[in-house]
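This report refers to the structure that appears directly beneath it.
None of the figures in this text is laboratory data; all of them are computed from the coordinates on show. Not measured: the values here are computed from a predicted model. Cβ: placed from backbone, ideal geometry, glycine included. Neighbour counts: every protein chain shown.
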């Protein structure tokens, strides 16, 4: 299908408490070295001296550390060493904590044996891979495969996503994955560079998933999930390209997939030929008006001429089913006439003449003959509607005309 020219003349583009150490008013004072306030001595009681109760031995700090390291299995070697040192100190100083030290030694010994076993059997690598995948998001968003549909936790496809729910494409869903690819394994290029690379590649890959551009709903757009700077450190290079509704509340219903897995042989052949013209239009000069760079447009026009010749030849070379052969043959003839119009655009003397040829060619590539052939093949019959289409100067409503 050919991109229609836009309307007009161009183509599209101090408080209440006493200070510490001073008693509050009305309270008895404590004698130095006594843990409790001194009580008045009754008459006749022998004067004596009060001694504080003896304190129990303190717990050895190394014993505590050995137990903690043994429990978490973080550094089994260190836990074992601290446990042994703790037993030595406990015996020499009479401290408490012998049970903790023994437990730490036992747990650290067990952890060391398990770690040795893991290293010899590959378990350590599996554990690291699991940690790396968790950090990069694998098993969540990027574990969704091409052709699968999912719901985002908050219904939005913008921002960060750490988990999604895979759901059947037949029902209502937030997005459909249409492509996956990996970015180059190099230093993190930056947020903007990653986003640009993902966007360009995803838009390119979308056409191979939905070959029939006429069937793409107007409210569907391309979204993509990319690695973050943090996940990149753990080897994440995966990009997931998805289709989603521009209105997050509306979502999607049914699969958008139209490729070799869902199309019959005739439909696939027709859309393959149609893609030749679409690819040619990707080379459209990047200017607002034809008159801004008429030489560039005239240099581009022969690419469209070649694409139309190849498209018509591909349609004639395919062995169509009897019910579609006549309609497709008629469409191939329309493409021949469109090719002549584009040749005229290549030879145009001014921008107005170029636009007139473009307009007539568009009516042939996306006109009644195209609709009839598509209907015979069971493909979408409503042409793409771009923002540039409208009533051009001197043209009727619904008849797009290129502006200069």
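Applying 0.36 nm per residue to the separation of residue 296 and residue 115 and subtracting their alpha-carbon distance, the gain on full extension is 58.4 nm. Once you reduce region 302-322 and region 170-214 to the center of their Cα atoms, the two points are 29 Å from each other. Gain on full extension, evaluated as 0.36 nm per residue between residue 316 and residue 68 minus their Cα-Cα distance, stands at 81.4 nm.
At a threshold of 8 angstrom on Cα-Cα distance, excluding pairs fewer than six apart, so keeping six or more, what relative contact order does region 265-377 reach in percent?
In percent, rounded to a whole number, it is 29.
If a spin label sat at a point 7 angstrom from the Cα of residue 265 along the line to its beta carbon, the backbone N atoms of region 318-351 nearer than 15 Å would be those of 318-325. Each residue, residue 151 and residue 229, gets one label point 7 Å from its Cα in the Cβ direction; the gap between the two is 3.5 nm. Percent of C-alpha pairs per 10 Å bin in region 140-253, short distances first: 14, 48, 31, 7, 0.
Estimated at 0.36 nm per residue, the fully extended path between residue 340 and residue 98 surpasses their Cα-Cα distance by 77.4 nm.
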